[in-house]
Amino acid sequence: MTSTPEFIQVRTEGRVGIVTLYRPKQLNALNDQLIDELGAALKAFDADEAIGCMIVTGSEKAFAAGADIGAMASYSFADVYQGDYITRNWETIRQIRKPVIAAVSGFALGGGCELAMMCDFIIAADNAKFGQPEIKLAVIPGAGGTQRLPRAVGKSKAMDMVLTGRMMDAQEAERAGLVSRVVPLDKLQDEALGAALTICNYSLPSVLAAKESVNRAFEGGLSDGVMFERRLFHALFATADQKEGMAAFVEKRKPEFRHC
Ligand code: CO8
């Protein structure tokens, strides 16, 4: 990144890159600058050979309470359509190839919930609350919420959330399949870091292929997806790490991956 970011904090723990959303007074409401900074930080980690996995997190009270309503309030249709405002810079996050874990505590509402869903999986604290309350503002989700939420929780619950604007707590989110694990608030960061470090220890080419292949399940049909997965599976036999991983198993020792 060229300049010091204002609305995020960036650090590393071993091979894990961690981005903390930081607009505490606005409950991490997402404005263009914050999303630009987040995208730049994730891209930098993605390009950094020393990093194997990323975590995006917020504060105890809020992962992010949505897009910045104050910033959006006066936009006209022409502003948002012609300028492609508000959601334009969210595409950067979709281009990240290494895994990104969302560690969510507190509110993940509107664009905050959509941001969490853009990550590869969500680990939630027991105080997390998810929702797509845009309907209360006379709009609808604009960063993929109407598409990713039904894929995560099914049509009925997604309709319920999007049409009533109600929040769902961490337990309901886990039952519905929106989050992969729920842990006590004070264990959230350790749990996410543990998962990220586990991923970092695996061979990077296989990690990239696994992410790409699971994502394919959401983009196309089943037979295309299965064929895509098979080709990636075959391709991984071209890596040195596959030889090492399987030899280590046969020789009953720990593998030493070189990420190639
Ligand atoms: N935008 C701007 N400011 C916000 C936002 C927000 N989304 N959420 C909270 N804040 C501000 C409040 O205005 C308040 O500021 P101040 O102290 O200056 O008055 C401060 O954060 C604290 O908020 P509250 O006093 O309201 O705190 P409470 O604990 O009483 O309530 C809530 C917390 C329930 C989270 C409440 O703040 C709330 O309902 N916030 C709005 C939630 C919402 O509607 N989110 C959806 C926004 S629309 C959206 O995300 C569309 C996505 C479109 C595509 C994505 C593009 C980015």
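The values are calculated or read from the model by the stated rules, or taken from the named source; none is laboratory data. Computed from a prediction, not measured in an experiment: that's the story for all the values here. Note that each Cβ is placed from the backbone with ideal geometry, even for glycine, and that neighbours are counted across all protein chains shown.
Descriptive notes on the structure:
- Qualifying residue in the range 180-187 (condition: away from the ligand (no atom under 12 Å from the Cβ), farther than 24 Å from LYS61 by Cβ and at pLDDT 95 or above): no
- Applying the condition of being over 8 Å from the mean Cα position of the chain (by Cα) and within 10 Å of the ligand (Cβ to nearest atom) to the range 109-124 and asking which residue is surrounded by the most Cβ atoms within 10 Å (Cβ to Cβ) yields CYS113.
- Some residue of the range 49-64 being in a helix (DSSP H, G or I) and either of a type outside the set (Val, Ile, Thr) or closer than 19 Å to ALA143 by Cα (or both): no
- Residues that are closer than 18 Å to ASP36 by Cα and among the aliphatic types (A, V, I, L, M), drawn from the range 85-116: ILE86, ILE93, ILE96, VAL100, ALA102, LEU115, ALA116
- Taken over the range 88-108, the residue count meeting the criterion of being within 16 Å of the ligand (Cβ to nearest atom) and buried (at least 18 other Cβ atoms within 10 Å of the Cβ) is 9.
The rows are residues; the columns are (1) more than 22 Å from ALA210 (Cα to Cα); (2) in a loop (DSSP other than H, G, I, E, B); (3) at pLDDT 95 or above.
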residue: ASP84; (1), (2), (3): yes, yes, no
residue: ALA103; (1), (2), (3): no, no, yes
residue: ALA116; (1), (2), (3): no, no, yes
residue: ILE122; (1), (2), (3): no, no, yes
residue: PHE130; (1), (2), (3): yes, no, yes
residue: LEU149; (1), (2), (3): no, no, yes
residue: SER156; (1), (2), (3): yes, no, yes
residue: MET159; (1), (2), (3): yes, no, yes
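- Matching option when the condition is modelled with pLDDT under 95, closer than 30 Å to ALA128 by Cα and surrounded by fewer than 12 Cβ atoms within 10 Å (Cβ to Cβ), among PHE218, PHE249: PHE218
- Enumeration of residues in the range 208-229 that are closer than 21 Å to PRO150 by Cβ and aliphatic (A, V, I, L, M): VAL214, ALA217, LEU222
- The range 133-158, subset of a type in the set (Lys, Arg) and within 16 Å of LEU115 (Cα to Cα), residue farthest from the ligand (Cβ to nearest atom): ARG151
- Long-range neighbours under 8 Å by Cβ, at least six apart or interchain, first residue in the same structural domain as ILE140 (by the TED database) within the range 66-79, second charged (D, E, K, R) and more than 7 Å from the ligand (Cβ to nearest atom): ALA71/ASP32
- Filter pass, GLN171 being assigned by the TED database to the domain that holds ILE18, closer than 30 Å to LYS61 by Cβ and at pLDDT below 95: no
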